[in-house]
1. Assign unit charges at the C-beta atoms only (+1 for Lys and Arg, -1 for Asp and Glu), then state the dipole size of the chain relative to its Cα centre in Debye, rounded to the nearest 20.
2. Are there trypsin sites (Lys or Arg not before Pro) in region 379-474 that DSSP puts in a loop and that have at most 10 other Cβ atoms within 10 Å, and which ones?
3. In the structure displayed, which of Lys103/Lys234; Lys155/Lys595; Lys103/Lys155; Lys103/Lys355; Lys89/Lys232 lie more than 24 Å apart, Cα to Cα?
4. Can you pull a Stokes-Einstein diffusion coefficient for the chain at 4 °C (1.567 mPa s), Rh from Kirkwood over Cα pairs, as a whole number of µm²/s?
5. Where the only charges are on Cβ atoms (+1 Lys, Arg; -1 Asp, Glu), what is the dipole of region 2-224 about its Cα centre, to the nearest 20 debye?
6. Determine the distance separating the Cα centre of region 134-159 from the Cα centre of region 652-725; give it in Å without decimals.
7. At a Förster distance of 45 Å, what's the computed FRET efficiency of Val493 paired with Met237, Cβ-Cβ distance as r, to 0.05?
8. Using a Cα-Cα cut-off of under 16 Å, which lysines could be cross-linked to Lys338, ignoring same-chain neighbours fewer than 8 residues away?
Amino acid sequence: MFKSYLLLFILLTPYWDCKAQINNQNQRQIEIKKINTSIQIDGKVDSIWSITHATTDFVNHRPSDVGLAKSQTEVKMLYNDQFIYILAKAYHSHQEHIIQNLKRDDYFSSDGFGVLMDPINKQTNGFFFGINSRGSQAESLITSSGGTDWNWDAKWYSRVTHHDTYWIVEMAIPFFTLRYNAKNTAWGINFLRNDLGNNMFSTWTSFPANFNDLDLGYTGSLSWEDDIPEVKKKIAMVPSMTTTTGKDFEQEKSTEWDFTPSLDAKIAVTSSLNLDLTINPDFSQIEVDRQVTNLSRFSLFFPERRTFFLENSDLFTGLGRSQISPFFSRRIGLSSGKNIPIKFGARLTGNLTEKLRIGMLNAQTERVSETKAQNYGLLTLKQRILKRSSVSGIFVNRQQVNTDENDYNRVVGTEFNYSTENGFVSGDIKYYKSFSDGIKGSNDFVSGSMFLNSRGYRVYTQFDHVGDNYLADVGFTPRLFNYDALRDTTVRVNYQRYSFFGTRDFRPASGPIVFHGPRIQSIIYTNDGNQFNERYSYIGYEIDFADQSQFDFSINSYTINLLFPTNFLDADSPLPARTYSYYDLVFDWDSDPRKLFAYGTVFTSGTFFNGKRTGLRSYLQYRFQPWLRLRLDHNYNQIELEEFGNEDIHLVGLRSEVSFSNNVFWTTFLQFNTQSTNFNINSRFQWRFAPLSDLFVVYTDNYFSDTFERKNRFISIKINYWLNF
């Protein structure tokens, strides 16, 4: 299968490239003039803006990608030695703006304006800066396929003012916020506009609706009048202080108020290469994970939230596959949900040359009880080839330190990621090997995929092979580890995965439906000698309405050759190892999310292994715009496995988000989970008293969900301040 993917790429790559569409940069260009003064960011149109012309004629992108936008936007740009200035005039035909809340980075759910910039102009990575019509900022790192990292923060300035038929956005983006080569005078750029009152999302350049809103392959051209300035401010320091107190009631241990200093630094090695350093980092302000109901046999993935691991994270998180990743940063400093102190960390990320990106990471953890001190390292190099393709090399290392034991794990690999210039065809080929002390053979991971994306259909195929001894200690490979409930042990079992997914999209020219069509999917797993292990098949139909509501239904079929006795429920005896076949029906409805009151539900009914399952997952949401958003989620599963256990599983989550202003927030999250027997309260107050400088007060309380006996309780106070040098 791997050889077939490789042969197909070699034979068809020239054909696909010659079919690529003409780049938007030939048709859409905006000039940016240099000024020798600064502009006060107050949302007012100062006379300095009259020296340049506005670009307009925004086009529809969603829900329709045909014609000029009903609500037009005009954009002007200027720059000096410190800032890129952007002035946008957004016309509207309705007085009431839709604002979900005032929190940072919540861009697409509210009326807003944004700019997408590709300073390298190679369609591989870029930056997005957006602001909603109430002035809340959002920024994100962008990858070649339109992937976003909203956890990235940057220091920039903006202001919004409102008028009868339009609103004004004024932005100042510091050059030191961006990663760029000053000698490269050709930048890719696009402007975006959310007009939710008219249910329209428009862009400056035109591209098909089936592509991501932030796709780097369809930018226009930013034309510089004069030389681009070099970055002058090259160092940012973020000192912080944290104090925590609390009690572990199970262990009967109390923690008195302690004061923990930490320091983060960002150093611009070059204008396109950044070094991040951290000493004694503290992540107590990070919001708790959303709990989930797990009815599978394997561990679930939880996203990284810690700020140190996030910038340019696509160099690290984009490796391997979902569920077969050679690097997963949550392996560093976390063990079985417990924090392991990180003594220091360093990351070097950015562009070495116009086409070569580097990602380098090293972190050292402390010894805690039986957990030995570890050093973690990662190096990845990504070379752009062709138009939107790349070749990468990866090395991951975990080494136990301060001990005589030779305990290590290393993974090396390479990837070829391909995309035509218009993004219609993409795919990849990946190969990895792991090395551990005393373990040899069957230690490889091989994978290939191909994706065809058009207005009318999408087709995706994938093949994976994971050997018994492919051990990625700093990665995420849950399916490799099979738990034998009878012997209370974990067994590594190699596997192959064959995947296919296809859709047919019908897009009516008018009417209440944006698109609809059938979806099919099939996934097959095999083990040694391609012996059958598991099959999942799905056939369904999706309907997306013009008001952003959605309905779909599906029939799902499963056949599983259970290799080991498994205990899904709290039963006296595990489900025996044999072949099971079962199915379920799923109905999914989501209402218009723009409304003050929104709701949705997913109903599941069918068989489950040797029994049956009924599930209902619902949510209710109400907004007191824009100050308060309340959301109630309930996930209920009734499972009956005859003599192997019957259980009703409830997961209830209640979330309130209070926005006192654009800089003061209070979020409270309650989670009641009968599967993990836990009731959690997490309340977080945040005051952004200066740009990227915050005061956090976080309260966490955990109880047993059946008895409501307290497990632990903690309160943390953290303050940090961003300094530029």
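Coordinate-derived values only; no laboratory data. Fair warning: this is a prediction, and the values are worked out from it, not measured in the lab. Quick reminder, even Gly has a Cβ in these numbers, built from the backbone with ideal geometry, and neighbours come from all protein chains shown.
1. Working: 74 positive and 78 negative charges, 273 e Å.
It works out to roughly 1320 debye.
2. Details: sites: Lys382, Arg384, Lys387, Arg388, Arg398, Arg410, Lys430, Lys433, Lys440, Arg455, Arg458; in loops: Lys387, Arg388, Lys440, Arg455.
Counting only loop positions with at most 10 other Cβ atoms within 10 Å, the trypsin sites (Lys or Arg not before Pro) in region 379-474 are Lys440.
3. Details: Lys103/Lys234 28 Å; Lys155/Lys595 32 Å; Lys103/Lys155 16 Å; Lys103/Lys355 36 Å; Lys89/Lys232 31 Å.
Over 24 Å apart, Cα to Cα: Lys103/Lys234; Lys155/Lys595; Lys103/Lys355; Lys89/Lys232.
4. Details: Rh = 27.8 Å.
For these conditions, the coefficient is 47 µm²/s.
5. So the magnitude is around 440 debye.
6. 23
7. On the way: r = 49 Å, r/R0 = 1.09.
Computed FRET efficiency for Val493 and Met237 comes out at 0.40.
8. Of all the lysines, those that pass the test against Lys338 - Cα under 16 Å, at least 8 places apart if same chain - are Lys247, Lys253, Lys372, Lys711.
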